[in-house]
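Structure first, commentary second.
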Amino acid sequence: MLEQQYHDANLQPADSTSPHVAGFPVVRAIDVGFGHVKLSQRDGNDVKFTSFPSMAIPADGSAVRTLGTRKRDTFDVPVRGALYEVGRDVALAHSGGNFGRDVTDEFYKGAIYEALTRGALRYMAEAGDSQIDILVLGLPVNQYNDAKRRDYLRSTFEGSLDVGDGKSVFVKRVLVQAQPVGGYAAIDEHLDELNAVIAATGGALRTLDSGEALEDLAVLMVDPGEHTLDWLLVQQGTINPRASGAASDAGRHRVVRAVQEALSHQIGRPLGPSVMPRINDALRLGAPVKLSGVAHPLQSYEPVVLSVIDDSINRMVDGLRDAHEIIDLIVLVGGHPEHYRDLLSKRFPAIPVFVMPDSMYANVRGFQMIGEAEAATSEVRH
């Protein structure tokens, strides 16, 4: 459980407008998840949000890599004396048994995390940002609770950072946030959609006149990630640390692994780790997974998926310490929230369960807003 308030975060809903012109601070955000890296990037005088897989493969310097009809969308970034290939097309760099992922609780200080963060900064550099005044980074709830981890990210990513090919990015200041805090900050952008869910639920909560009304509610932020299930209980704009937390091995990776094990049992042969990305993609698309030339439909594994997710929700409810009795609203962020929405709505039928639009980017959008609010009140200037 968390031991202190999230003093770095401004939990008031922020104004998402910001000038990105000369004379104003440059604010950027990176949300490194176990599945995807989400980031904000310059888009003219505004920002856009984009992503790439959370995979970093030792770079292949051979000429074979250059063969093909097009150059893949990746960069080689230097980390601790080695080069790692990262970017949108990094799946094309798979080789042997190295799948470029790290799903341990020490992820934040590993070479892969650093390569992914430098890769995100490289995308920012390519868009025209060689100096960033405030960079907002995120950690899972259980990792954010450890001050040493927050300090590590600040010390590692402040200053001049080599992002490969002779390019560098200077980061003046790093803010570290708990990942679901970003989603909370971004709720105000979607008040109409939220009110539609509140009205359809038919519980005690009435539609909200403005985003400021969120400060009167107990809002449970739920973030089912690739490896962890994070939750934050925000009461009147303040995080309740005793009812907030995270469960490890309670995210998408566990779902995919359970389907892989069931599929392996059905077809009668072991399936290695290289099959997991294919199963993951097939589950997302509702399509069969193709293995050794055979298409295997996955619809029959829906009970397996629901069982794993229900167990993760049980762990969250236990961690809430009976605080579910006072919850007014549940908000889901992350890249695959639909099954969680359905099970939470079944368990708490009178509580509105709202999935943030474009939910995979909810946290990084909120990080951007938090950074801009911080910049507006600080003395940071070029």
message: Quick check on my filter: what residues within the stretch 367-382 are surrounded by fewer than 23 Cβ atoms within 10 Å (Cβ to Cβ) and not in a loop (DSSP other than H, G, I, E, B)?
response: 373, 374, 375, 376, 377
field: Scan of the stretch 318-328 for residues that are touching a residue at least 24 places away in the same chain (Cβ under 8 Å) and either open to solvent by 10 Å² or more (accessible area, probe 1.4 Å) or in contact with a strand residue (DSSP E or B) (Cβ under 6 Å, 6 or more places away or on another chain) (or both), ordered by number
entry: 319, 321, 323, 324, 326, 327, 328
Test set (1) assigned to a helix (DSSP H, G or I); (2) over 23 Å from residue 49 (Cβ atoms) - residue 364 fails condition number: (2)
- request: Please indicate, with yes or no, whether at least one residue in the stretch 286-303 is in contact (Cβ under 8 Å) with a residue 12 or more places away in the chain and within 19 Å of residue 227 (Cα to Cα).
  value: no
message: So, residue 309, is that one part of a helix (DSSP H, G or I) and in contact with a His (Cβ under 6 Å, 6 or more places away or on another chain) or not?
response: yes
- request: Please specify each residue of the stretch 264-284 satisfying the condition of being within 30 Å of residue 184 (Cβ to Cβ) and either open to solvent by 40 Å² or more (accessible area, probe 1.4 Å) or part of a loop (DSSP other than H, G, I, E, B) (or both).
  value: 281, 283, 284
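The rows are residues; the columns are (1) open to solvent by less than 50 Å² (accessible area, probe 1.4 Å); (2) at pLDDT below 95; (3) closer than 14 Å to residue 220 by Cβ; (4) in contact with a strand residue (DSSP E or B) (Cβ under 7 Å, 6 or more places away or on another chain).
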| position | (1), (2), (3), (4) |
| --- | --- |
| 293 | no, yes, no, no |
| 313 | yes, no, yes, no |
| 330 | yes, no, yes, yes |
| 341 | no, no, yes, yes |
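Taking the condition of being hydrophobic (A, V, I, L, M, F, W, C) and open to solvent by 40 Å² or more (accessible area, probe 1.4 Å), how many residues in the stretch 198-211 meet it? Can you show your working first?
Quick first cut of the stretch 198-211, residues hydrophobic (A, V, I, L, M, F, W, C) only: 198-200, 204-205, 208.
Next, from what is left, pick out any that are open to solvent by 40 Å² or more (accessible area, probe 1.4 Å): 199-200, 204.
Number satisfying all stated conditions: 3.
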field: Near pairs, Cβ below 8 angstrom, 6+ apart or cross-chain, from the stretch 237-249 (over 27 Å from residue 308 (Cβ atoms)) to any residue that is aromatic (Phe, Trp, Tyr)
entry: 239/6
task: Identify, from the list 163, 174, 181, the residue that is β-branched (Val, Ile, Thr) and modelled with pLDDT under 95.
output: 181
query: Of these, 70, 118, 154, 101, which one is of a type outside the set (A, V, I, L, M), at pLDDT below 90, within 21 Å of the chain's Cα centre (by Cα) and open to solvent by 20 Å² or more (accessible area, probe 1.4 Å)?
result: 101
task: For the stretch 18-67, enumerate the residues that are at pLDDT 85 or above, among the polar types (S, T, N, Q) and under 19 Å from residue 370 (Cα atoms).
output: 40, 41, 45, 50
message: All but one of (1) open to solvent by less than 10 Å² (accessible area, probe 1.4 Å); (2) under 19 Å from residue 81 (Cα atoms) hold for residue 137; state the number of the condition that does not hold.
response: (2)
task: Could you run through the stretch 344-361 and say how many residues are under 12 Å from residue 221 (Cβ atoms) and assigned to a loop (DSSP other than H, G, I, E, B)?
output: 1
- line: Flagged pairs (Cβ under 8 angstrom, 6 or more apart or on separate chains; first in the stretch 145-156, closer than 17 Å to residue 179 by Cα and touching a residue at least 12 places away in the same chain (Cβ under 8 Å); second surrounded by 15 or more Cβ atoms within 10 Å (Cβ to Cβ) and among the acidic types (Asp, Glu)) are 150/8
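The values are calculated or read from the model by the stated rules, or taken from the named source; none is laboratory data. Because the structure is predicted, anything quoted here is derived from the model rather than measured. In this analysis, Cβ positions are derived from the backbone assuming ideal geometry, glycine residues included, and neighbour counts consider all displayed protein chains. With ligands, DNA and RNA removed, areas are computed over all heavy atoms of the protein, side chains included. Shrake-Rupley method; radii C 1.70, N 1.55, O 1.52, S 1.80 Å.
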